[in-house]
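Q: Have a look at this one.
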Amino acid sequence: MMRNLLAAIGWFVLAVVALRAQDPQEPAVFDVASIKPCDESAPAGTMMQERPASLFYRHVNLTAVLRRGYGVDGPQIDGPSWLGSDCYDFQARFPENTPMPRLQQMLQNLLRERFLLKVHLDKREFPAFNLVVAKGGLKMKPSDGGQLGYGPSRTPSGRRLLGKITMPVLASNVSGIVGRPVADQTGLAGLYDLDLSFSLPDTSQNPDAYPPMETALQQQLGLKLEARKALVDVVVVDSGQRKPIGD
């Protein structure tokens, strides 16, 4: 039932564009958007990247895009299994200075239009975690410029996440790995350099495996997961189609 970046947006080009982006009377739609099934000849690996006026998601499933669009974690998506298995490449352009809530509305509308997704929201109680700074202090360093963006790689020892990330986005990614909602309670704003290596279920028995996620967070990043119970929003996908319309 429960399946397995959004972004630092750069600011300001033209005042009239900024006003248009924030005008609630304007439809919350992308200027241009393309969705295609994954190019199987391209290098494997998911990438979700946002720039000041565009986004590029490569090798993503719809569970990941729904997470971005509705601001929820992976376990908070309930729907057909293909949401987490089918693979797509997304590209879109939007006005600069677009606020995050409006960008989320654009993603929601894009999914409704191209996949005919019908969804409703529910409230459910889940075992959950808070992401907090560990007693020994934060080991991550603030990023020296740049934009949000990271990529995963896999080895026989597990998985490595490398790039630049915000704490809410890190919490969302950890949620998808540990299978529970994770709330950012670090109190840390801005971008941080990320280098995290951890084991997966299929690599944990390897004698050279990386540590499990909870241990890796504390040892490598100076962060900790604290268990809790939470009543959270769940995005329930009632119906939709697997092939996007118009591409």
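The values are calculated or read from the model by the stated rules, or taken from the named source; none is laboratory data. Owing to the predicted nature of the structure, the values given are computational and were not obtained by experimental measurement. Ideal geometry is used to build each Cβ from the backbone, glycine not excepted, and the neighbour counts take in all protein chains shown.
Q: Go through the residues of the range 132-146 one by one and say whether even a single one is within 20 Å of residue 65 (Cα to Cα), outside the structural domain of residue 58 (by TED's automatic domain parsing) and either of a type in the set (S, T, N, Q) or touching a Leu at 6+ places or on another chain (Cβ under 7 Å) (or both).
A: Residues of the range 132-146 within 20 Å of residue 65 (Cα to Cα): none.
No, the range 132-146 has no match at all.
Q: Right, another one. In the range 198-246, how many residues are surrounded by 14 or more Cβ atoms within 10 Å (Cβ to Cβ), of a type in the set (A, V, I, L, M) and over 30 Å from residue 109 (Cα atoms)?
A: 8
Q: While we're here: If a residue has to be more than 20 Å from residue 166 (Cα to Cα) and over 19 Å from the mean Cα position of the chain (by Cα) to count, how many in the range 97-114 make the cut?
A: Residues that pass the stated criteria total 2.
Q: Of all residues in the range 151-172, how many are in a loop (DSSP other than H, G, I, E, B) and closer than 16 Å to residue 201 by Cα?
A: Step one: filter the range 151-172 for residues in a loop (DSSP other than H, G, I, E, B), giving 156-157, 166.
Next, only the ones that are closer than 16 Å to residue 201 by Cα stay: 156-157.
Residues in the range 151-172 being in a loop (DSSP other than H, G, I, E, B) and closer than 16 Å to residue 201 by Cα: 2 in total.
Q: Out of the residues in the range 171-229 meeting the condition of being among the β-branched types (Val, Ile, Thr) and within 17 Å of the chain's Cα centre (by Cα), tell me which one is farthest from residue 159 (Cα to Cα).
A: At the first step, the residues of the range 171-229 found to be among the β-branched types (Val, Ile, Thr) are 174, 177-178, 182, 186, 203, 215.
Subset that is within 17 Å of the chain's Cα centre (by Cα): 174, 177-178, 182.
Working: 174: 12, 177: 11, 178: 13, 182: 19 Å.
Filtering the range 171-229 for residues that are among the β-branched types (Val, Ile, Thr) and within 17 Å of the chain's Cα centre (by Cα), the one farthest from residue 159 (Cα to Cα) comes out as 182.
Q: Now a separate question. Answer yes or no: is there a residue in the range 191-205 that is farther than 29 Å from residue 81 by Cα, in the same structural domain as residue 174 (by TED's automatic domain parsing) and aromatic (Phe, Trp, Tyr). Walk me through it before giving the result.
A: From the range 191-205, those farther than 29 Å from residue 81 by Cα are 191-195; that's our starting set.
Now restrict to residues that are in the same structural domain as residue 174 (by TED's automatic domain parsing): 191-195.
Among the residues that remain, those that are also aromatic (Phe, Trp, Tyr) are: 192.
Checked against the condition, which is being farther than 29 Å from residue 81 by Cα, in the same structural domain as residue 174 (by TED's automatic domain parsing) and aromatic (Phe, Trp, Tyr), the range 191-205 yields at least one hit.
Q: Filter the range 173-190 for residues that are outside any strand (DSSP E or B) and either among the aromatic types (Phe, Trp, Tyr) or on the phi < 0 side of the Ramachandran plot (or both) and give the result. Even if it seems obvious, please write down each step before you answer.
A: First, the residues of the range 173-190 that are outside any strand (DSSP E or B): 173-181, 185-190.
Correct list: 173, 174, 175, 176, 177, 178, 180, 181, 185, 186, 188, 189.
Q: Of these, 194, 217, 200, which one is aliphatic (A, V, I, L, M) and in a loop (DSSP other than H, G, I, E, B)? It would help to see each step written out before you state the result.
A: Details: 194 fails: in a loop (DSSP other than H, G, I, E, B); 217 fails: in a loop (DSSP other than H, G, I, E, B).
Result of the check over 194, 217, 200: 200.
Q: Just checking, how many residues over the range 67-86 are surrounded by fewer than 21 Cβ atoms within 10 Å (Cβ to Cβ) and within 15 Å of the chain's Cα centre (by Cα)?
A: Residues meeting the conditions: 4.
Q: Separate question: Could you check the range 124-142 and list, in sequence order, the residues that are assigned to a loop (DSSP other than H, G, I, E, B) and either within 19 Å of the chain's Cα centre (by Cα) or among the aliphatic types (A, V, I, L, M) (or both)?
A: If the condition is that a residue be assigned to a loop (DSSP other than H, G, I, E, B) and either within 19 Å of the chain's Cα centre (by Cα) or among the aliphatic types (A, V, I, L, M) (or both), then 134, 138, 140 are the ones that fit.
Q: With the condition kept exactly as written, say whether any residue in the range 30-44 is closer than 27 Å to residue 122 by Cβ and at pLDDT 85 or above. Spell out the reasoning first.
A: So the first thing to find is which residues in the range 30-44 are closer than 27 Å to residue 122 by Cβ, and the list is 35.
Restricting the remaining residues to those that are at pLDDT 85 or above gives 35.
The answer is yes, given that some residue of the range 30-44 is closer than 27 Å to residue 122 by Cβ and at pLDDT 85 or above.
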